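Report on one structure; see the data block that follows.
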Amino acid sequence: MTVRVDRSFELAAPPERVWEFISDPENRARAISVVQEYSIDGPEGRRATWQVELPIPLVRQTVAVETEDVTRRPPEYVKFTGRSTGLDVTGEHRIVETETGSRLENEFVVDGKLPGVEKFFKRNLDEELENLRRALERDLEGSP
């Protein structure tokens with residue numbers, strides 16, 4: 001079973017400023033509650049390893065998810081994929097200019113490989129996107 005969530009945020013910031021946040025794999029990793037640790041791999045910063053801790057019975061340790069930005073079109077689009085023994089994830093972020101700033105359109109797809117992974121994300125993926133929205137808004141508030 002695959003879990004898919006689409007969600008958009010309206011932001012009072014220009015697309016270039018939203019791009020600064022969402023194109024950074026570190027910002028995305030920090031916003032996800034089940035990512036306990038992460039490392040940015042490689043000189044270009046397009047790869048990251050997330051140590052994901054899922055509160056499900058069969059997973060008693062963190063799962064390393066190797067992520068990579070597979071497409072970047074500044075300042076409008078970034079797509080990343082993540083692969084691990086427990087799950088695969090794809091995230092897409094589109095930035096659309098609006099009259100009042102920007103709209104960030106997000107799509108996440110999680111494909112679980114272990115029992116309970118899909119159920120967990122079906123219940124929690126929308127909240128994880130809300131965490132991303134809050135982190136982005138905090139970052140925008142701190143900008144000049």
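Read-outs throughout are calculated quantities, based only on the coordinates presented, and are distinct from any laboratory measurement. Note that this is a predicted model, so its numbers are computed, not measured. Note: ideal-geometry Cβ built from the backbone for every residue, glycine included; neighbour counts use all protein chains shown.
Quick notes on this structure:
- With the Kirkwood sum run over all distinct C-alpha pairs, the chain has a hydrodynamic radius of 15.5 Å.
- Within segment 1-44: backbone nitrogen closer than 12 Å to the residue 72 label point (7 Å, Cα to C-beta): 20-26, 41-44
- Computing FRET efficiency as 1/(1 + (r/R0)^6) for residue 64 and residue 16, where r is the C-beta to C-beta distance and R0 is 35 Å, gives about 0.60.
- Remark on residue 113: its backbone amide H falls under 5 Å from those of 87, 88, a criterion applied only to residues 5 or more positions apart or on other chains, H modelled at 1.01 Å from N.
- If you take the Cα centroid of segment 1-24 and the Cα centroid of segment 37-114, the two points sit 12 Å apart.
- Taking the helices alone, the chain has a mean residue ellipticity at 222 nm of -9000 deg cm²/dmol, built from -39,500 (n - 2.57) per DSSP H run of at least 4 residues and averaged over all its residues.
- Subtracting the Cα-Cα distance of residue 83 and residue 122 from 0.36 nm times their residue separation leaves 12.2 nm of extension gain.
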